[in-house]
Every structure is written in structure tokens, then in C-alpha cells.
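What follows is a single structure, written as C-alpha cells, with notes after it.
The values are calculated or read from the model by the stated rules, or taken from the named source; none is laboratory data. Just so it is clear, the model here is predicted, and its values are computed rather than measured. Cβ placement follows ideal geometry from the backbone for every residue including glycine, while neighbour counts extend to all protein chains displayed. For the accessible areas, the whole protein counts, side chains as well, though only heavy atoms, and no ligand, DNA or RNA atoms are used. Shrake-Rupley method; radii C 1.70, N 1.55, O 1.52, S 1.80 Å.
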Amino acid sequence: MKTIKAALLSYGMSGKVFHAPFLELHPGFELLGSWERSKKLIQEDYPTVKSYASLEEILSNDEIDLVVVNTPIDTHFEYAKRVLEAGKHAIVEKAFTTTVAEAQELAALAQAKGLKLAVFQNRRWDSDLKTVRQVLTDGVLGEIVEAEFHFDRYNPLLSPKQHKETVNSGSGILKDLGPHLIDQALYLFGFPKAVFADIRTTRENSVVDDWVDILLYYADFRVRLKASFFVREPNPAYVIHGKKGSFLKPRGDVQEDDLKLMKKPNLDSWGTEAQEKEGFLHAEMEGTVMHGKIPTLQGNYYAFFNGVYNSIINDAEEPVTAQDGARVMQIIEAAIQSSTEKRVIDL
């Protein structure tokens, strides 16, 4: 099996929780190390890897094939561009960039250099979304009338991470939690015809947006996407109503919480959520009424990394493409324009 040698651009929460464990698990990857600016922590978890002192040290290392750009959002474009210009494949976290123009430039650069550029939209492999997608694929709800997705929290305090709470091109909930919701909607339903959005600041002393309500207009149905820091009693994460039935699913994916507890992912039981988090289906098919909970599919972020491996080794399409990332940015830009001008924006 060919080995792809990878490096991270930071070893904070995302590197430690979302990337390194799966690069270690997958037999096709070898983690060589991470750029660490102040705290030198990666060797505590992976003694054989290297702590790089600078980005230049990574870019000049001919051994490194793949770089994970997991730094603050407003640095994604600059760092990803330098990675591609150095002839290395890249994974870029969400939000992919801060503008559509930046996303399109990176996509064009990767294509021109024959490199793979993937956007880390791991939530496509949450147990929740995989189950929602299966329900839609099975057609038990009939023609879709409306859907509503929530990514809510109860956290009135400002984040200690300064880049998240200062005004910059990558801060705010729209570019933090918004890309998850938007990507999931586009993944399930395709690109909408128009967007209406309301973006607010609700926390005391906050200077960035922390509440968002986006309405996506499709030809025959609507999809609403909401995120807030003031939801103490959670809504269902997914509510879908069709002409033959409804499906409601609470957020139940366990992967992030397990990874934060330093549990090691595997290919067997990983991503199996508790039965009490199962979704509720009330529908009718061929005269039979279905009314009750249905089993949740197993989630596993490993599939994303396996897709990246396959894209590099077998020249397949990335599991989440740069164009996918650009389309998310189109919705974000339209949402900002809509909220500012208080009108529907045609796409």
C-alpha cells in the first residue's frame, strides 16, 4: 500500500481531535508532524513525529505529500495557496475560504498543478446526517415540502480564542457553524435558487455575529438553517416534512465527544450513538403506516480520509471538492448580502 506522508499546520483542538487520530488509523497515511508556534504538544501524543518551527520548514520538505490547513479561517487562503504552490496536496478546514473569489482561485490553482484539494466537511459522515440521507434516499417521506436544520448550543460566554471573537474576515457563527449546515443542505438537496438570511449579534459584549437564520429557496420546497448560542433546550437537529410523512432527528453523533476524551477511532464500533438518540419517523408507504423510532446509521470520519487517500493514489474525485467549498461560500456571501439589504438574493 502506497503511503501518503502528511503534516498539520497546527496541533490545537482540530489537529489533536479531528485529524491526527484518523491519519494514524489509516494505513495509507503517515503523520510526519505539525507546525507548532508556541506550545510543543504533538510529540506527547505521537513521540516519533516532528514539531516544525515554521510553515517554510514544511513546504521545503520533499517528503511531505499532503498538508492539512487547520488554522484560523482568515489564514486558509494564504496558507492553502502556498501549500499548492509548493506542489503539495491539501485538506482545508471549513470555512474553506473567506470569499467565493478565494475559493475559486484555489480550485483553479490545484487543477492547474494536478493536485488534490479537499475541504474538511466531516459532518457529512456524522451518524445523524447519514441517517437523514438514507431516509431521503428511501423515499418514505414522499415529495419534500420543507426541512429545518439546527446547529445550536447554549454558550453565552465569549470564546477564549481571540480570532473567533475579534472582527476579521473569518470570524462569526456564519463562517464557523454555518458551513456545516450549508454543506449538509447542498449535499442532500443540491444548489438552491435563492437565499434569504437574518444574521444577528446576541451575546453581551460580542462584536461578531452569533445567531443566523438562512432560508434556501428550491423550486418546490424550502430549507431553513439555524444556529444560535442561546438554545438551552435543544431543538431537533433535523426536521424534514414530506407529502407522505415526517422525520425528526436529535443531534446524537458521538465522534467529537469521544475524540475529545482521547478515545481512539476504529473501523468496527466507532461512531455508534445511543439508542435514545434515534430519529422518529411517521410516514406511510403503500398503505402501511410507519410510526416510531428507526435505527441510526454508524458514523465515521475515517471515510473522509479514505476518500482523500483514494483521490491522491487513484486520481479519483476528492470526497468534498474545492467546488463544493466554493458553493458553500456562495451561500455565505448571499446570506450576508440578504441580511444587509433585507431581501431575497437570487443565485
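So the values come out like this:
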| item | result |
| --- | --- |
| Members of region 28-47 found to be surrounded by fewer than 12 Cβ atoms within 10 Å (Cβ to Cβ) and in contact with a Gly (Cβ under 9 Å, 6 or more places away or on another chain), listed by number | LYS39 |
| Residue ranges of strands (runs of 3 or more DSSP E) in region 210-292 with at least 2 members of a type in the set (Lys, Arg) | 222-228 |
| One residue from ALA326, ALA283, ALA322 being in contact (Cβ under 8 Å) with a residue 24 or more places away in the chain and more than 21 Å from the chain's Cα centre (by Cα) | ALA283 |
| Among (1) over 21 Å from the mean Cα position of the chain (by Cα); (2) hydrophobic (A, V, I, L, M, F, W, C); (3) over 29 Å from TYR302 (Cα atoms) - the single one ILE214 does not satisfy | (1) |
| SER14 being touching a residue at least 60 places away in the same chain (Cβ under 8 Å) and surrounded by fewer than 19 Cβ atoms within 10 Å (Cβ to Cβ) | yes |
| Total residues in region 137-156, condition touching a residue at least 12 places away in the same chain (Cβ under 8 Å) and either among the hydrophobic types (A, V, I, L, M, F, W, C) or within 20 Å of ASP324 (Cβ to Cβ) (or both) | 7 |
| Close pairs (7 angstrom Cβ cut-off, 6 or more residues apart or separate chains): farther than 17 Å from HIS19 by Cβ in region 254-269, assigned to a helix (DSSP H, G or I) and open to solvent by less than 100 Å² (accessible area, probe 1.4 Å) anywhere | LEU267/TYR302 |
| Tabulated pairs, region 93-122, first in contact (Cβ under 8 Å) with a residue 24 or more places away in the chain, second among the aliphatic types (A, V, I, L, M) and part of a loop (DSSP other than H, G, I, E, B), C-beta under 6 angstrom, 6+ apart or interchain | ALA118/VAL320; VAL119/VAL320; GLN121/VAL320 |
| Residues satisfying the stated conditions in region 279-336, i.e. in contact with a Pro (Cβ under 8 Å, 6 or more places away or on another chain) and among the aliphatic types (A, V, I, L, M) | ALA303, VAL308, VAL328, ILE331, ILE332 |
| Within region 240-265, considering residues that are among the hydrophobic types (A, V, I, L, M, F, W, C) and within 16 Å of ASP126 (Cα to Cα), the one surrounded by the most Cβ atoms within 10 Å (Cβ to Cβ) | LEU259 |
| Enumeration of residues in region 94-115 that are at negative phi, surrounded by fewer than 23 Cβ atoms within 10 Å (Cβ to Cβ) and not β-branched (Val, Ile, Thr) | ALA101, GLU102, GLN104, GLU105, ALA107, ALA108, LEU109, ALA110, GLN111, ALA112, LYS113, LEU115 |
| Among residues of region 60-78, those that are in contact (Cβ under 8 Å) with a residue 60 or more places away in the chain and either on the phi > 0 side of the Ramachandran plot or among the aromatic types (Phe, Trp, Tyr) (or both), counted | 0 |
| Check on ASP152, in a loop (DSSP other than H, G, I, E, B) and open to solvent by less than 50 Å² (accessible area, probe 1.4 Å) | yes |
| Filter pass, GLN134 being surrounded by fewer than 23 Cβ atoms within 10 Å (Cβ to Cβ) and either under 18 Å from the mean Cα position of the chain (by Cα) or without any contact (Cβ under 8 Å) to a residue 24 or more places away in the chain (or both) | no |
| Any hit, region 168-186, residues being out of contact with any helix residue (DSSP H, G or I) (no Cβ under 7 Å at 6 or more places or on another chain), open to solvent by 20 Å² or more (accessible area, probe 1.4 Å), over 21 Å from GLN121 (Cα atoms) and touching a residue at least 40 places away in the same chain (Cβ under 8 Å) | no |
| Filter pass, ILE336 being over 22 Å from PHE120 (Cα atoms), of a type outside the set (Gly, Ala, Ser), surrounded by 14 or more Cβ atoms within 10 Å (Cβ to Cβ) and touching a helix residue (DSSP H, G or I) at 6+ places or on another chain (Cβ under 6 Å) | no |
